[in-house]
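Presented below is the structure to which this report refers.
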Amino acid sequence: MTLTNWAGNTAFRARDVHHPTSLDELQRLVSARAQVRALGSGHSFNDVADATGDLVVLDRMPDAVEIDSATATARVPARMTYARLAPVLNEAGFALANLASLPHISVAGSVATGTHGSGDAVASLSAAVSALDLVTADGSVLTLSRGDADFPGAVVALGALGVVTSLTLDLVPSFQIHQYVREGLTVDALAHFEDIMSAGYSVSLFTDWRDTRVWLKRTEELTTPDWYGTRPADGARHPLPAMSAESCTIQLGVPGPWHERLPHFRPDAEPSSAGNELQSELLVPREHAVKALRELYAIGDRIRPVLQISEVRSVAADDLWLSPFLGRDSVGIHFTWVKDTAAVLPVLELVEETLAPFEPRPHWGKLFTRRPSCPERFRSLVERLDPAGKFANDFTRTLLAR
């Protein structure tokens, strides 16, 4: 059986796949291999997780979560998905500040690629990391914590530094969320973009660059009937208009715990479009967002033939070297494409060209065609921790090339 990524558009070339059951076994395995990389949930749409040597999957490693109430942190196994982690935290009275739209993804893989949710006041999932443990090229364990010189380079690291085994995440008190879907947002409403995106704890705009819906997630009830000229959805909605909402989290303003409202999709159901898609996302500085969106609306007729849906989200800045949000509050413009690479790539190139004046950065786990720049300090960190390129693959070699 061929091992592939989430979308099935990349077949992993690894010679062998290993499932260590202990840290000692993992250390020995890494030390003995010339080429090795870790694989999480495989929720990627490019070859970031590919390997020509061996792959290690941590699905048989211990999975205990260690919550420290005094410091409001949790030490979490790298292999764990947010779907499994969130109820454990909630039961203890804690929450993560944000979650991605899909809770089925692994913590380590999400962090390593800069994955995010939405919310003006909250940063990416990676920004919640306060410490991590990784097995380095010689098989030893390196622990890095916030404040260490190398820490900002080791969080969003694309697997280039070693195999992450655990992460310590910042927690907040558990909270409730109301989720609403509003329909009929017009392009003219972009004049109120700042107010719309700040109107909830988490706000997402779903659009085909003609018709737009708003996923509005608030800690308080929405009491404004005519919210920016929109109307309330008269039933549950899926982000893809033609899809059943059966796999989606509860809407219609019914309050519920953070982990059952912040994701768009339920953890106990596979999303309706799972695997039948390609994805891209470009992140632009917040101050350029409205101009960038107007430019995309202007070419909507050229985007729509290969588009399933786009999502617009806001993400707060962080200080992580490879983060798409380094040093700037950002707006993510996401594209869920049809599963036809040949048809999608020319349109993606058009989108990248259209957004080029607005300093876009790509999501590392999704399709893009323009090579991003690599900070010299990250390149130096890779050369110091992995001088022989044990954890390198085609994706990281291209990124690190001068």
_Positions within region 128-181 being of a type in the set (D, E, K, R) and touching a helix residue (DSSP H, G or I) at 6+ places or on another chain (Cβ under 7 Å), in sequence order_ = ASP138, ASP150, ASP170
*Residue count for region 166-213, restricted to those that are under 14 Å from SER101 (Cβ atoms), among the β-branched types (Val, Ile, Thr) and within 20 Å of the chain's Cα centre (by Cα)*: 1
*Could you tell me which of the residues ASP50, ASP24 is of a type in the set (Asp, Glu) and over 20 Å from THR143 (Cβ atoms)?*
ASP50
*asked:* Pairs needed: first member in region 346-374, free of Cβ contacts under 8 Å to residues at least 40 places away in the same chain and more than 19 Å from ARG328 (Cα to Cα); second member anywhere, part of a loop (DSSP other than H, G, I, E, B) and of a type in the set (Ser, Thr, Tyr); C-beta distance under 6 Å; at least 6 residues apart or different chains.
replied: GLU349/THR369
*asked:* Let me spell it out: the conditions are (1) in a helix (DSSP H, G or I); (2) among the aliphatic types (A, V, I, L, M); (3) surrounded by fewer than 22 Cβ atoms within 10 Å (Cβ to Cβ); (4) in contact (Cβ under 8 Å) with a residue 60 or more places away in the chain, and ALA127 meets all of them except one. Which number is the exception?
replied: (3)
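Would you pick out the residues in region 328-343 that are aliphatic (A, V, I, L, M), in contact (Cβ under 8 Å) with a residue 24 or more places away in the chain and surrounded by fewer than 22 Cβ atoms within 10 Å (Cβ to Cβ)? Reasoning before the result, please.
Applying the first criterion (aliphatic (A, V, I, L, M)) to region 328-343 yields 331, 333, 338, 342-343.
So of that shortlist, the ones also in contact (Cβ under 8 Å) with a residue 24 or more places away in the chain come out as 331, 333, 338, 343.
Selection gives VAL338, ALA343.
Is there a residue being aromatic (Phe, Trp, Tyr), part of a helix (DSSP H, G or I) and in the same structural domain as LEU190 (by TED's automatic domain parsing) anywhere in region 288-298?
Yes; the residues of region 288-298 include at least one that is aromatic (Phe, Trp, Tyr), part of a helix (DSSP H, G or I) and in the same structural domain as LEU190 (by TED's automatic domain parsing).
Kindly establish whether GLU311 is among the acidic types (Asp, Glu), modelled with pLDDT of 95 or more and either part of a helix (DSSP H, G or I) or on the phi > 0 side of the Ramachandran plot (or both). Show your work before the answer.
Working: among the acidic types (Asp, Glu): yes; modelled with pLDDT of 95 or more: yes; either part of a helix (DSSP H, G or I) or on the phi > 0 side of the Ramachandran plot (or both): no.
So GLU311 fails the test.
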_Kindly evaluate ALA317 against the criterion of being surrounded by fewer than 19 Cβ atoms within 10 Å (Cβ to Cβ), free of Cβ contacts under 8 Å to residues at least 60 places away in the same chain and either within 23 Å of the chain's Cα centre (by Cα) or more than 23 Å from ALA49 (Cβ to Cβ) (or both)._
no
*Only one of (1) in a strand (DSSP E or B); (2) over 22 Å from THR186 (Cβ atoms) fails for GLU270. Which number is that?*
(1)
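Assigned to a loop (DSSP other than H, G, I, E, B) and either on the phi < 0 side of the Ramachandran plot or not aromatic (Phe, Trp, Tyr) (or both), is that true of SER31?
Working: assigned to a loop (DSSP other than H, G, I, E, B): no; either on the phi < 0 side of the Ramachandran plot or not aromatic (Phe, Trp, Tyr) (or both): yes.
No.
Being closer than 22 Å to LEU85 by Cα and buried (at least 17 other Cβ atoms within 10 Å of the Cβ) is the filter here, so list the residues in region 237-250 that pass it.
Within region 237-250, SER247, CYS248, THR249 meet the criteria.
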*Answer yes if at least one residue in region 348-368 is modelled with pLDDT under 95 and either out of contact with any Lys or Arg (no Cβ under 8 Å at 6 or more places or on another chain) or assigned by TED's automatic domain parsing to the domain that holds LYS291 (or both), and no otherwise.*
no
_Just checking, does region 341-359 include any residue being more than 21 Å from ASN5 (Cα to Cα), among the small types (Gly, Ala, Ser) and over 17 Å from the mean Cα position of the chain (by Cα)?_
yes
*Out of region 344-381, which residues are of a type in the set (Lys, Arg) and either part of a loop (DSSP other than H, G, I, E, B) or surrounded by 21 or more Cβ atoms within 10 Å (Cβ to Cβ) (or both)?*
ARG361, LYS366, ARG370, ARG371
_Anything in region 390-402 that is without any contact (Cβ under 8 Å) to a residue 40 or more places away in the chain and not in a helix (DSSP H, G or I)? List them, or say none._
ALA401, ARG402
*Could you tell me whether any residue of region 8-27 is surrounded by fewer than 18 Cβ atoms within 10 Å (Cβ to Cβ), more than 21 Å from the chain's Cα centre (by Cα), modelled with pLDDT under 95 and in a loop (DSSP other than H, G, I, E, B)?*
yes
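Sort out which residues of region 144-172 are hydroxyl-bearing (Ser, Thr, Tyr) and touching a Phe, Trp or Tyr at 6+ places or on another chain (Cβ under 9 Å), and write them in order of number. Even if it seems obvious, please write down each step before you answer.
Initially, region 144-172 is screened for residues hydroxyl-bearing (Ser, Thr, Tyr), giving 145, 165-166, 168.
Listed by number, the list holds a single entry, SER145.
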*Given (1) in contact (Cβ under 8 Å) with a residue 40 or more places away in the chain; (2) more than 21 Å from MET61 (Cα to Cα), number of the condition LEU161 does not satisfy*: (2)
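The values are calculated or read from the model by the stated rules, or taken from the named source; none is laboratory data. Just so we're clear, the structure is a prediction, and the values are computed from it rather than from any experiment. In this analysis, Cβ positions are derived from the backbone assuming ideal geometry, glycine residues included, and neighbour counts consider all displayed protein chains.
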